[in-house]
Amino acid sequence: MTPEAVLFDLDGTLANTAPDLALALMALRPPGSPPMDQERVRRATAVGTVALLREGLGLEPDMAGYEAARAAFLAHYQRLIGTATEPNAGMIEVLDALEARGLPWGVVTNKPEHLAARVLAALGLADRARCVIGGDTLARRKPHPDPLLHACRLMSIAPDRCVYVGDDEGDIEAAHAAGMPGLAVAFGYATLDEARYWGADGLLITPADLLAFLD
């Protein structure tokens, strides 16, 4: 199989978004609260908003005030996007190389689509991504294959001609369910030891390893 396109997860894979999420959580914590543990925020980011609110505010979905806190958190995050988020080291060079090879790339994430689009805009990548699929774009999100299949349709490329790159076991599950190779990254929000057990078709220690896989 010669890949004709690459799809990326966003948080932890394409970019380190955890710092901005930590800032949004701090905005909701009582004055004088200690700084957020960045590694713990990174781990929670891999899971999503529920884990972030649990880590930062001690809130669970069944608690009073959860929905109000969730809305406030997302509003703060939207305002702060781009403050400290950066592409993972070496990722821009990989995107440059993909484009030089004529390989389109896109983003499939469980982050709400409008927030994902803002992140890409803040990174100067909005006009380069061929598609941006969020967790609310369709009725079902990863690990269901629908978002990946939808991305393939938008790019007019068969799923088995695509590869998906992600930093969570659900990313690999979604890729395989969509009929495409799934590559696990060890530079995201999961550890190398965790990524080894996801059944991925390749393990990327650095973003540049993607180019070697494609070769």
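Just to be sure I understand, how many residues within segment 31-79 are without any contact (Cβ under 8 Å) to a residue 24 or more places away in the chain and aromatic (Phe, Trp, Tyr)?
1
Quick check on segment 179-189. Is at least one of its residues more than 15 Å from ASP9 (Cβ to Cβ), surrounded by fewer than 23 Cβ atoms within 10 Å (Cβ to Cβ) and without any contact (Cβ under 8 Å) to a residue 12 or more places away in the chain?
No, segment 179-189 has no match at all.
Given segment 1-80, what helices (runs of 4 or more DSSP H) lie entirely inside it while holding 1 or more residues that are hydroxyl-bearing (Ser, Thr, Tyr) and closer than 29 Å to ALA174 by Cα?
In segment 1-80, 38-47, 49-57, 66-80 are the helices (runs of 4 or more DSSP H) which contain 1 or more residues that are hydroxyl-bearing (Ser, Thr, Tyr) and closer than 29 Å to ALA174 by Cα.
Looking for whichever is surrounded by fewer than 19 Cβ atoms within 10 Å (Cβ to Cβ), modelled with pLDDT under 95 and either in a helix (DSSP H, G or I) or not assigned by TED's automatic domain parsing to the domain that holds THR49 (or both) here; the options are ASP193, ASP160. Which one fits?
ASP193
Answer yes if at least one residue in segment 156-169 is within 30 Å of ASP37 (Cα to Cα) and free of Cβ contacts under 8 Å to residues at least 60 places away in the same chain, and no otherwise.
Yes.
The values are calculated or read from the model by the stated rules, or taken from the named source; none is laboratory data. If you're wondering where the values come from, they're calculated on a predicted model, not measured in any experiment. We place every Cβ from the backbone using ideal geometry, glycine too, and count neighbours over all the protein chains shown.
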